1. Quick check on my link table: of 81/153; 18/81; 47/176; 81/176, which ones sit more than 31 Å apart, alpha carbon to alpha carbon?
2. Starting at the first residue of region 158-169, write each ³J(HN,Hα) from the Karplus equation 6.51 cos²θ - 1.76 cosθ + 1.60 with θ = phi - 60°, in whole Hz, x for Gly and Pro.
3. For Cα pairs less than 8 Å apart in space and 6+ apart in sequence, what is the mean separation divided by the residue count of region 43-189, i.e. the relative contact order in percent?
4. Which of the peptides 175-181, 118-124 is most tightly packed, and how do the rest follow, going by the mean number of other Cβ atoms within 10 Å of each residue?
5. Provide the per-residue ³J(HN,Hα) series for region 174-188, in order, calculated from phi with Karplus coefficients 6.51, -1.76, 1.60 and θ = phi - 60°, each as a whole number of Hz, with x at glycine and proline positions.
6. Of (1) 168; (2) 212; (3) 130, which is the value of volume of the Cα convex hull per residue in Å³ derived from the coordinates here?
7. Top mean-square fluctuation among 22, 80, 93, Gaussian network model of the chain, C-alpha springs under 10 Å?
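No lab work stands behind these numbers, since they all come straight from the coordinates. Worth saying up front: this structure is predicted, and the values here are computed from it rather than measured. Counting neighbours? That spans all protein chains shown, and the Cβs are built from the backbone with ideal geometry, glycine included.
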Amino acid sequence: MSSIKLTADSGGGTFEIKAPVSSANTRVLTLPDSGDYILGGKILQVKQTVKTDVSTLSIATTALSSDIMTVSITPQSTSSKILLQCSFCTSCSTTSVGFVFQRDSTDIGIADAAGNRQRRTSAQTCPADTVVNINGTFLDSPSTTSAITYRVKACHTSNSTQTIVVNNNNSGDVAKFINTICSLTAMEVAG
């Protein structure tokens, strides 16, 4: 079996590339034509959506809202992973609020099934007159080079339809209160 072995100048670690044992196991490693290349973990592209306006949503029990934010990305390789990061600022005076990540229309980054409980990405209690920042991170493996739309949709834990407000505490135009922003970031990570 043929191999190439590189040894550190200090005589410490080594790096070795070995050919497959059988010709039936042919593998190809293609490096880019220009620039340096890291075999794994390199950020290949970053896409972001920022929501700066205030919106009010009416959401039924156990339902998901319409899209709070979306971001589209086209992976360069089927081995790439997509790192999602969400900062969701919201208020609701009577309940806890959460959100779910979706890849196109499929829920991702959700909890295991447990009885009748909702399976979501992240959630937090919302005290009255308070904007809370609900964060979530998930590393997705879409295994495609087709365009993907990632979505963030809101939910709540009340037994009745609730109104949630995004980027505002819904307490009137008072100088001491603060409007906020939400963001959804998708980063393609080399596999």
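1. 47/176; 81/176, as the Cα separations exceed 31 Å there.
2. 8, 7, 9, 4, 10, 9, 10, 10, 9, 6, 6, 9
3. Over region 43-189, the number comes to 46 percent.
4. Result, highest mean Cβ count within 10 Å first: 118-124, 175-181.
5. Once θ is set to phi - 60°, the couplings for region 174-188 become 10, 4, 6, 7, 10, 8, 10, 10, 10, 9, 10, 10, 10, 10, 7 Hz.
6. Label of the calculated value: (2).
7. Between 22, 80, 93, it is 22 that shows the largest mean-square fluctuation.
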